[in-house]
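Student: Input: one structure, supplied below.
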Amino acid sequence: MSTNTNPSVIRSIAVTAEDVITAVETNRTSDRTAVLRVTPPFSGRMRARLHVRQDGEGETDSIHIPPTELLDESVPSYPRPPETEDELRSDPDMTYSVENHRQYHEQALDQWRAEATAAIRESLSLPTSEDAPEVTVHVLGDS
């Protein structure tokens, strides 16, 4: 029995918004590399799942999609604590405290997650070759 390792047969991929957001956050907040992975055998409709690359991981026939490739350009930058601290301190209607900063930062993260979820692209070219055809992206579950 042979398995199809030709990614050109893929017409669409399905992802969860949670996997996409988690992968982006992992890449922005740690030294680990997270991707959305599509594994053979390939067919017209495939599922892309969260995968954190391991040290020494060898080459496979799997397709690794950088999570930012699934987001359109409208997504704002990921909020970092120093930036949200500056925003809070510059707001004349807010008083800075560690607790206020924590709450403000959590709100900024929630807002970013909502905006990033809404900005998941409807299609993309898989990172398999320069002339890879566009595939449709379907978001599974609640968005």
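Student: Check VAL24, VAL38, VAL9 and return the single one that is in the same structural domain as GLU130 (by TED's automatic domain parsing) and under 9 Å from the mean Cα position of the chain (by Cα). Outline the logic, then answer.
Tutor: Details: VAL38 fails: under 9 Å from the mean Cα position of the chain (by Cα); VAL9 fails: under 9 Å from the mean Cα position of the chain (by Cα).
Result: VAL24 is the single residue among VAL24, VAL38, VAL9 that is in the same structural domain as GLU130 (by TED's automatic domain parsing) and under 9 Å from the mean Cα position of the chain (by Cα).
Student: Here's something else I'd like to know. Return yes when THR68 is modelled with pLDDT of 95 or more, surrounded by 12 or more Cβ atoms within 10 Å (Cβ to Cβ) and of a type in the set (Ser, Thr, Tyr) and no when it is not.
Tutor: On the way: modelled with pLDDT of 95 or more: yes; surrounded by 12 or more Cβ atoms within 10 Å (Cβ to Cβ): yes; of a type in the set (Ser, Thr, Tyr): yes.
Yes.
Student: For the range 5-58, give me the residue count where each residue is charged (D, E, K, R) and part of a loop (DSSP other than H, G, I, E, B). Reasoning before the result, please.
Tutor: Step one: of the range 5-58, the residues charged (D, E, K, R) are 11, 18-19, 25, 28, 31-32, 37, 45, 47, 49, 53, 55, 57.
Next, only the ones that are part of a loop (DSSP other than H, G, I, E, B) stay: 11, 31-32, 53, 55, 57.
Going through the range 5-58 one residue at a time, the tally reaches 6.
Student: Given the criterion in contact (Cβ under 8 Å) with a residue 60 or more places away in the chain and farther than 19 Å from ALA118 by Cβ, identify the matching residue among SER43, SER8. Walk me through it before giving the result.
Tutor: Values: SER43 fails: in contact (Cβ under 8 Å) with a residue 60 or more places away in the chain.
Matching residue, one of SER43, SER8: SER8.
Student: If I filter the range 82-102 for residues that are hydroxyl-bearing (Ser, Thr, Tyr) and either closer than 18 Å to THR26 by Cβ or within 13 Å of the chain's Cα centre (by Cα) (or both), do I get at least one hit? Walk me through how you get there before you give the answer.
Tutor: Start the filter on the range 82-102 by keeping residues that are hydroxyl-bearing (Ser, Thr, Tyr), which leaves 84, 90, 95-97.
With either closer than 18 Å to THR26 by Cβ or within 13 Å of the chain's Cα centre (by Cα) (or both) added as a condition, the list becomes none.
No, every residue in the range 82-102 fails to be hydroxyl-bearing (Ser, Thr, Tyr) and either closer than 18 Å to THR26 by Cβ or within 13 Å of the chain's Cα centre (by Cα) (or both).
Student: Now for a different question. Identify, from the list TYR96, TYR78, the residue that is in contact with a Lys or Arg (Cβ under 6 Å, 6 or more places away or on another chain) and either closer than 14 Å to THR22 by Cα or part of a strand (DSSP E or B) (or both). Before the answer, list the steps.
Tutor: On the way: TYR96 fails: either closer than 14 Å to THR22 by Cα or part of a strand (DSSP E or B) (or both).
Step by step, each of TYR96, TYR78 is checked, and only TYR78 is in contact with a Lys or Arg (Cβ under 6 Å, 6 or more places away or on another chain) and either closer than 14 Å to THR22 by Cα or part of a strand (DSSP E or B) (or both).
Student: So, one more: With respect to the numbered conditions (1) over 21 Å from ALA17 (Cα atoms); (2) without any contact (Cβ under 8 Å) to a residue 12 or more places away in the chain, which one is the sole condition not fulfilled by ALA132?
Tutor: (2)
Student: Scan the range 62-75 residue by residue and report those that are farther than 21 Å from VAL9 by Cα, assigned to a loop (DSSP other than H, G, I, E, B) and touching a residue at least 12 places away in the same chain (Cβ under 8 Å).
Tutor: Here is the first cut: in the range 62-75, the ones farther than 21 Å from VAL9 by Cα are 67-68, 71-75.
From the residues that got through so far, the ones that are assigned to a loop (DSSP other than H, G, I, E, B) too are 72-75.
Within the range 62-75, ASP72, SER74, VAL75 meet the criteria.
Student: Restricted to the range 11-32, and to residues that are surrounded by fewer than 16 Cβ atoms within 10 Å (Cβ to Cβ) and among the hydroxyl-bearing types (Ser, Thr, Tyr), which residue is farthest from ILE120 (Cα to Cα)?
Tutor: The residue in question is SER30.
Student: Restricted to the range 115-129, and to residues that are among the hydroxyl-bearing types (Ser, Thr, Tyr) and touching a strand residue (DSSP E or B) at 6+ places or on another chain (Cβ under 7 Å), which residue is farthest from ALA17 (Cα to Cα)?
Tutor: Just the residues of the range 115-129 that are among the hydroxyl-bearing types (Ser, Thr, Tyr), to begin with: 117, 123, 125, 128-129.
Subsequent filtering for residues that are touching a strand residue (DSSP E or B) at 6+ places or on another chain (Cβ under 7 Å) retains 123, 125, 128.
Values: SER123: 14, SER125: 18, THR128: 22 Å.
Here the residue is THR128.
Student: Within the range 88-108, is even one residue within 30 Å of ILE13 (Cα to Cα), exposed (fewer than 12 other Cβ atoms within 10 Å of the Cβ), modelled with pLDDT of 95 or more and outside the structural domain of GLU25 (by TED's automatic domain parsing)? I'd like the intermediate steps shown before the answer.
Tutor: Of all residues in the range 88-108, those within 30 Å of ILE13 (Cα to Cα) come to 108.
Now drop any that are not exposed (fewer than 12 other Cβ atoms within 10 Å of the Cβ), which leaves none.
No, the range 88-108 contains no residue that is within 30 Å of ILE13 (Cα to Cα), exposed (fewer than 12 other Cβ atoms within 10 Å of the Cβ), modelled with pLDDT of 95 or more and outside the structural domain of GLU25 (by TED's automatic domain parsing).
Student: While we're on this one: Is there a residue being touching a Phe, Trp or Tyr at 6+ places or on another chain (Cβ under 6 Å) and touching a residue at least 12 places away in the same chain (Cβ under 8 Å) anywhere in the range 88-102? Spell out how you get there, then give the answer.
Tutor: Keep residues of the range 88-102 that are touching a Phe, Trp or Tyr at 6+ places or on another chain (Cβ under 6 Å), which gives 88-89.
Okay, now just the ones that are also touching a residue at least 12 places away in the same chain (Cβ under 8 Å), so 88.
Within the range 88-102, one or more residues are touching a Phe, Trp or Tyr at 6+ places or on another chain (Cβ under 6 Å) and touching a residue at least 12 places away in the same chain (Cβ under 8 Å).
The values are calculated or read from the model by the stated rules, or taken from the named source; none is laboratory data. Computed from a predicted model, the values in this text were never measured in an experiment. Cβ coordinates were reconstructed from backbone atoms using ideal geometry, including for glycine residues, and neighbour counts include every protein chain displayed.
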